[in-house]
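Student: Just passing along the structure, written as structure tokens.
Nothing in this text is a laboratory measurement; each read-out follows from the coordinates by a stated rule. This is a predicted model, so every value here is computed, not measured. As a convention, Cβ positions derive from the backbone with ideal geometry for all residues, glycine included, and neighbour counts pool all protein chains shown.
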Amino acid sequence: MFNLQGKKGLVVGVANNKSIAYGCAKAFSFCGAELAVTYLNEKAEPHVRPLAELLGAPLILPLDVEQDGQMEAVFEEIDKKWGKLDFVLHSIAFAPRDDLHGRVVDSSKDGFARAMDISCHSFVRLAKLAEPLMKEGGSLLTMSYHGADEVVENYGIMGPVKAALESSSRYLAAELGSKDIRVHAISPGPLATRAGSGILKFDELMKDAIERAPLHKLVSTDDVGALAAFLVSDLAKSLTGGTIYIDGGYNIVN
């Protein structure tokens, strides 16, 4: 697809072989990039490590963004191994179940703050640590959803959180552009991932997307991976600050 030979990237958010992050990691690797892949904890490691090894990732590291010091430890290992970093993919999101399934107006202070920290501010923290390693520029990618722009039934507090994530990506693009660091939010349509399954009536959401999207089909994690590989490639060197939809055109219909 695109030549990523010589590029080094960090992929955060692989949970299993259906993860958007894994679809992106496959595309990066296929195009020649070398990867560092993280897993959430010991419970997740057996599901993630074989996938990372399949891609030949030389760095497979734990990363729970709520644990102090773990993110810094990941970047220390990257610095020791490569001394540089060309791109980061951030594909993690979380909200406590009660807050996700309830009304936004009923969301708890702690639940809202935790969703914002894991799903949004962790991307900002990754950007801060990546910045000094992107000595010749680089790319930062995160994953959003259409619920950031419009009210999507049952998406709950993740709507405001994803809106904050998209806004943060624009500010990061503005602040880091002078260092040739490009920032994008990718907004896929609904996908049958573990994260998606946590949303109430998610099957109905996918059915609606197929019916209403101009292309009348769901996208795949491989589709998202192809877009991500393009965005971190030199072919996208003049693009930054965008929220890029990959949803069969679903975002343009009412």
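Student: How much length would be gained if the chain were fully extended between Ser238 and Gln67, taking 0.36 nm per residue of separation minus their Cα-Cα distance, in nm to one decimal?
Tutor: That pair, Ser238 and Gln67, stretches by 58.0 nm at full extension.
Student: Can you work out ³J(HN,Hα) from phi for every residue in the stretch 137-151, in order, using Karplus 6.51 cos²θ - 1.76 cosθ + 1.60 and θ = phi - 60°, giving whole Hz and x for Gly and Pro?
Tutor: Residue by residue, the stretch 137-151 yields x, x, 9, 10, 10, 9, 10, 10, 7, 4, x, 6, 9, 9, 6 Hz.
Student: Loop only per DSSP, at most 10 neighbouring Cβ atoms within 10 Å: give me the chymotrypsin sites (Phe, Trp or Tyr not before Pro) in the stretch 1-77, ordered by residue number.
Tutor: When the chymotrypsin sites (Phe, Trp or Tyr not before Pro) of the stretch 1-77 are filtered for loop state and at most 10 Cβ neighbours within 10 Å, nothing remains.
Student: Here is a follow-up. Mind checking the dipole of the stretch 1-132: about its Cα centre, +1 per Lys or Arg Cβ, -1 per Asp or Glu Cβ, Debye to the nearest 20?
Tutor: My answer is approximately 460 debye.
Student: Quickly work out the Lys128-to-Val104 label distance, labels modelled 7 Å from Cα along the C-beta direction, and quote it in nm with one decimal.
Tutor: Rounded to a tenth, the inter-label distance reads 2.7 nm.
Student: Then there is this: Using the Cα atoms of the stretch 8-248, I'd like the radius of gyration and the largest Cα-Cα distance, Dmax, both in angstrom.
Tutor: Gyration radius and largest Cα-Cα distance of the stretch 8-248: 16.9, 49 Å.
Student: For the stretch 142-254, what relative contact order do you get, as a whole percent, if you take Cα pairs closer than 8 Å and at least 6 residues apart?
Tutor: Relative contact order here is 31 percent.
Student: Also, I was wondering about something else. Around Ala36, which amide H atoms from residues at least 5 apart in sequence, or from another chain, sit under 5 Å from its own amide H, with H modelled in the peptide plane?
Tutor: Counting only residues 5 or more places away or on other chains, the set is Gly9, Leu10, Val11.
Student: Among Cys31, Cys24, which comes first, then next, by fewest other beta-carbon atoms within 10 Å?
Tutor: Starting with the residue having the fewest Cβ neighbours, the order is Cys31, Cys24.
Student: Once you've got the Cα coordinates, tell me which of Lys84/Lys179; Lys18/Lys237; Lys84/Lys135; Lys26/Lys162; Lys43/Lys128; Lys7/Lys237 are over 18 Å apart.
Tutor: Violating the 18 Å Cα-Cα cut-off are Lys18/Lys237; Lys26/Lys162; Lys43/Lys128.
Student: Percent relative contact order of the stretch 8-248, based on C-alpha pairs within less than 8 angstrom and at least six residues apart?
Tutor: 21
Student: So, in nm, how far is label Ala113 from label Lys80 when the simple model puts each one 7 Å beyond its Cα toward the Cβ?
Tutor: Result for the modelled spin labels: 3.4 nm.
Student: What order do you get for Asp79, Asp99 when you list them from fewest to most C-beta neighbours inside 10 Å?
Tutor: Ordered from fewest to most neighbouring Cβ atoms within 10 Å, Asp79, Asp99 come out as Asp79, Asp99.
Student: Ordered by residue, what ³J(HN,Hα) values in Hz, to whole numbers, does the stretch 53-60 give under the Karplus form 6.51 cos²θ - 1.76 cosθ + 1.60, where θ = phi - 60° and Gly and Pro are x?
Tutor: Listing the rounded values in order: 5, 4, 8, x, 5, x, 10, 10 Hz.
Student: Of Leu89, Gly56, Cys120, which is farthest along the charge dipole of the chain in the positive direction, counting Lys and Arg as +1 and Asp and Glu as -1 at C-beta?
Tutor: Gly56
Student: Which of the peptides 102-111, 242-251, 138-147 is most tightly packed, and how do the rest follow, going by the mean number of other Cβ atoms within 10 Å of each residue?
Tutor: Packing proxy ranking, top to bottom: 138-147, 242-251, 102-111.
Student: Could you state the angle between the C-alpha long axis of helix 158-176 and the longest principal axis of the C-alpha atoms of the chain, as a value from 0 to 90 degrees rounded to the nearest 10?
Tutor: 30
Student: Enter the Cα centre distance for the pair the stretch 204-252 and the stretch 1-67, rounded to the nearest angstrom.
Tutor: Measuring centre to centre over Cα atoms gives 20 Å.
Student: Another question, then. In the chain, with Lys and Arg counted as +1 and Asp and Glu as -1 at Cβ, which of these residues, Phe75, Val161, Gly111, has the Cα nearest the positive end of the dipole, that is, farthest along it?
Tutor: Result: Phe75, furthest along the dipole toward the positive end.
Student: Compute the Cα gyration tensor for the stretch 123-254, then decide on rounded, prolate or oblate, letting a ≥ b ≥ c be the square roots of its eigenvalues: rounded whenever a/c is under 1.5, prolate when a/b is larger than b/c in the other cases, and oblate in all that remain.
Tutor: prolate
Student: Which whole-number percent gives the relative contact order of the stretch 1-92, counting Cα pairs below 8 Å spaced six or more residues apart?
Tutor: RCO, the stretch 1-92: 36 percent.
Student: So how do Val11, Val74 line up by other beta-carbon neighbours within 10 Å, fewest first?
Tutor: Val74, Val11
Student: I would also like to ask the following. Find how much the distance from Asn17 to His47 grows on full extension, using 0.36 nm per residue of separation minus their present alpha carbon separation; answer in nm with one decimal.
Tutor: Here the segment from Asn17 to His47 would lengthen by 10.0 nm.
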